[in-house]
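Take a look at the structure set out below.
The values are calculated or read from the model by the stated rules, or taken from the named source; none is laboratory data. Everything quoted here is computed from the prediction, not taken from an experiment. Counting neighbours? That spans all protein chains shown, and the Cβs are built from the backbone with ideal geometry, glycine included.
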Amino acid sequence: MPMTIQPTDATLGAVITGIELAALNDASWHEIEAAFHEYAVLIFPRQHLSHEEQLAFATRFGEIEILVEGLKTVPISNKSETGDLFEENSHRMQLLRGNEGWHTDSSYMPLSAKASVLSAHVVTRAGGQTEWADARAAYAALDSKTRDRIADLAAYHSYFYSQAKLGHAVAVGSGYGFFDGEPPLRPLVKHHPVTGRPALYIGRHAGKIPGLGDEEAETLLNELLAFTCQPPRLFTQVWQPGDLVVWDNRCVLHRARPYDYREERVMMHTRIRGERASESATNYRAIAASS
């Protein structure tokens, strides 16, 4: 059966069938790569990849970002290494709840993520979906006055800031790879390094904006986020075991949806590091260029 690429009803996303990612050849990869740049979110139903097979597919997109020392594919789960469910108010559950806010991966790091791969292994009876919002289409839909206002603005991105808004204090050196130097500064408008399309680069990690007061910055960022994250710019994945999705962090936002935390949920996540030329934060470009 030939590979089929079926766009969703939203401004982003396509469902790809008729392909086994575990046996992907170069010709099919080039089709997938082109679709990735066009649709930004690709859904592959019922692939049931092993951790090694998921890593091999993710490596097609670039260098892997190490999120936990020694692991290139990490569990996103409410289940501990001993098999028990985490306590509802534990540190790990607070981190999982943070993922329920709109964000782009690793924007709080000096080098942000290019792409992310997520697969479902154990799903809950209800809830637990993942949603994506098209920041390209959002920018295209902005009025000219707003475009002019944000054209030269940038925001600092911080994981400590975003978790603190939820009442969760993340300790420096907590072992989860959170960057504790000067927060990376990123323009509110990002041009995709491959397609050239402009997109809003915002989300829950974005906070202070140089030149604006804190209240004005928060109001602006909240307005842009609310504008971005509404139909037809939304796609929701209702997970089935074995499903796999890859998305482009350079032009979409995503969030997890709540579920009954008394039920086990296990997802596996692999993150692809961004290229230094395009994903280095403004205030870290000199360091990136010399490394």
**Report entry** Count of residues meeting criterion [in contact (Cβ under 8 Å) with a residue 12 or more places away in the chain, among the hydrophobic types (A, V, I, L, M, F, W, C) and either exposed (fewer than 14 other Cβ atoms within 10 Å of the Cβ) or in a loop (DSSP other than H, G, I, E, B) (or both)] in segment 13-30
**Finding:** 2
Query raised in the report: For segment 67-103, what are the residues that are out of contact with any His (no Cβ under 7 Å at 6 or more places or on another chain) and hydroxyl-bearing (Ser, Thr, Tyr)?
Result: 77, 80, 82, 90
Report task. Just name the residue that is nearest to the chain's Cα centre (by Cα) out of those in segment 133-157 that are surrounded by 15 or more Cβ atoms within 10 Å (Cβ to Cβ), closer than 18 Å to residue 283 by Cα and of a type in the set (Gly, Ala, Ser). Result -> 155
Query raised in the report: Across segment 245-269, what is the total count of residues that are out of contact with any Cys (no Cβ under 9 Å at 6 or more places or on another chain) and under 25 Å from residue 228 (Cβ atoms)?
Result: 15
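For segment 41-56, check the following and say yes or no: at least one residue is assigned to a helix (DSSP H, G or I) and among the hydrophobic types (A, V, I, L, M, F, W, C). Quick ask: steps written out before the conclusion?
Of the residues in segment 41-56, the ones assigned to a helix (DSSP H, G or I) are 51-56.
With the extra rule that they be among the hydrophobic types (A, V, I, L, M, F, W, C), the set shrinks to 55-56.
Yes, some residue in segment 41-56 is assigned to a helix (DSSP H, G or I) and among the hydrophobic types (A, V, I, L, M, F, W, C).
For the condition among the basic types (Lys, Arg) and under 13 Å from residue 244 (Cβ atoms), what is the one hit in 92, 97, 46?
Details: 92 fails: under 13 Å from residue 244 (Cβ atoms); 97 fails: under 13 Å from residue 244 (Cβ atoms).
Answer to the check: 46.
One line per residue, one yes/no per condition, for (1) free of Cβ contacts under 8 Å to residues at least 24 places away in the same chain; (2) under 25 Å from residue 165 (Cα atoms); (3) more than 15 Å from the chain's Cα centre (by Cα):
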position: 191; (1), (2), (3): yes, no, yes
position: 198; (1), (2), (3): no, no, yes
position: 213; (1), (2), (3): yes, yes, yes
position: 223; (1), (2), (3): yes, yes, yes
position: 232; (1), (2), (3): no, no, yes
position: 237; (1), (2), (3): no, no, no
position: 254; (1), (2), (3): no, yes, no
Query raised in the report: With segment 71-178 as the region, which helices (runs of 4 or more DSSP H) entirely inside it contain at least 2 residues that are of a type in the set (D, E, K, R), out of contact with any Phe, Trp or Tyr (no Cβ under 8 Å at 6 or more places or on another chain) and without any contact (Cβ under 8 Å) to a residue 12 or more places away in the chain?
Result: 144-150
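Yes or no, residue by residue, for (1) over 29 Å from residue 263 (Cβ atoms); (2) among the polar types (S, T, N, Q); (3) surrounded by fewer than 17 Cβ atoms within 10 Å (Cβ to Cβ); (4) in contact with a strand residue (DSSP E or B) (Cβ under 8 Å, 6 or more places away or on another chain):
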residue: 36; (1), (2), (3), (4): yes, no, no, yes
residue: 45; (1), (2), (3), (4): no, no, yes, yes
residue: 48; (1), (2), (3), (4): no, no, yes, no
residue: 51; (1), (2), (3), (4): no, no, yes, yes
residue: 60; (1), (2), (3), (4): yes, no, no, no
residue: 73; (1), (2), (3), (4): no, yes, no, yes
residue: 79; (1), (2), (3), (4): no, no, yes, yes
residue: 82; (1), (2), (3), (4): no, yes, yes, no
Query raised in the report: When you go through (1) of a type in the set (A, V, I, L, M); (2) closer than 29 Å to residue 63 by Cα; (3) out of contact with any strand residue (DSSP E or B) (no Cβ under 9 Å at 6 or more places or on another chain) one by one for residue 226, which number turns out not to apply?
Result: (2)
Query - Flag if residue 181 is outside any strand (DSSP E or B) and surrounded by fewer than 13 Cβ atoms within 10 Å (Cβ to Cβ) - result: yes
Query raised in the report: If residue 10 passes every condition in (1) surrounded by fewer than 18 Cβ atoms within 10 Å (Cβ to Cβ); (2) at pLDDT 90 or above but one, which one does it miss?
Result: (1)
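Restricted to segment 98-127, and to residues that are of a type in the set (D, E, K, R) and buried (at least 21 other Cβ atoms within 10 Å of the Cβ), which residue is nearest to the chain's Cα centre (by Cα)? Walk me through how you get there before you give the answer.
Taking segment 98-127 first, the residues of a type in the set (D, E, K, R) are 100, 105, 114, 125.
Then drop every residue that is not buried (at least 21 other Cβ atoms within 10 Å of the Cβ), which leaves 105, 114.
Details: 105: 4, 114: 9 Å.
For segment 98-127, the residue satisfying everything is 105.
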